[in-house]
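The structure under discussion appears below in the form of structure tokens.
Bear in mind that the values in this text are calculations on the coordinates, not laboratory data. All figures in this text were calculated on a predicted structure; none of them were measured in a lab. Note: ideal-geometry Cβ built from the backbone for every residue, glycine included; neighbour counts use all protein chains shown.
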Amino acid sequence: MTKKKQMIRRCKTILILFALLISYDIAHGQEKGFSKSSIKIGLGLGSSMGNNTDGDGFVYTFGYQREIWKTRLRLNPNFSIGHYSSKFISDARDQYFNSINLETNLFYDLIKIKSFSLVVGCGGLINNSRGLKGSGGDPDVYTQPPTSEYVSDFHFGGYLGGGFRINAPSKRTAINIMPLNLHFGNNFFEEYHAKIELDFKF
């Protein structure tokens, strides 16, 4: 099975899981209070680039979230991994790499109307991008043809994000639609994703 097919299969599996969890929550909604803690999982599509890497692909996130001020300010330490390739970048070398982030973010409901919120976020992160680079790319850039090599780069940087949140008090699951998720850091590191996230309250 090719890497592209594996990626598409993972994406379909996670989307099906999301749909089942949302359906379960709708069917079993309870008029009861929940704790200030939740588990946050997400799926995104975007791009990643740095000094030695440049590609498009999927990202998966998993983390813990805690309300720290009323219901509007939340702390979210999380782990994410992205799978990328340069298949759709015409002038780039053949690349297949993973981007792993450990980050801690703050999310704030800037505007809140009942269950709907406009959300902004910021935070800090540590990143490791590692994988394989092969031949190809723009021949005018190189004095001699490139050979295959393994790369592993570390980056330190920050996070900026924004989107929408639907959080019905009577439901165990909150939905975050986040079209803006930007990672940035040293050595020209930058990632951009559009994500859908689910928060499962305790």
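What ranking do 110-118, 150-158, 54-62 get when scored by the average of other Cβ atoms within 10 Å per residue, highest first?
Descending mean neighbour count gives 54-62, 150-158, 110-118.
Taking θ as phi - 60° and the Karplus parameters 6.51, -1.76 and 1.60, the scalar couplings of segment 190-197 work out to 7, 9, 10, 9, 10, 10, 10, 10 Hz in sequence order, x denoting glycine and proline.
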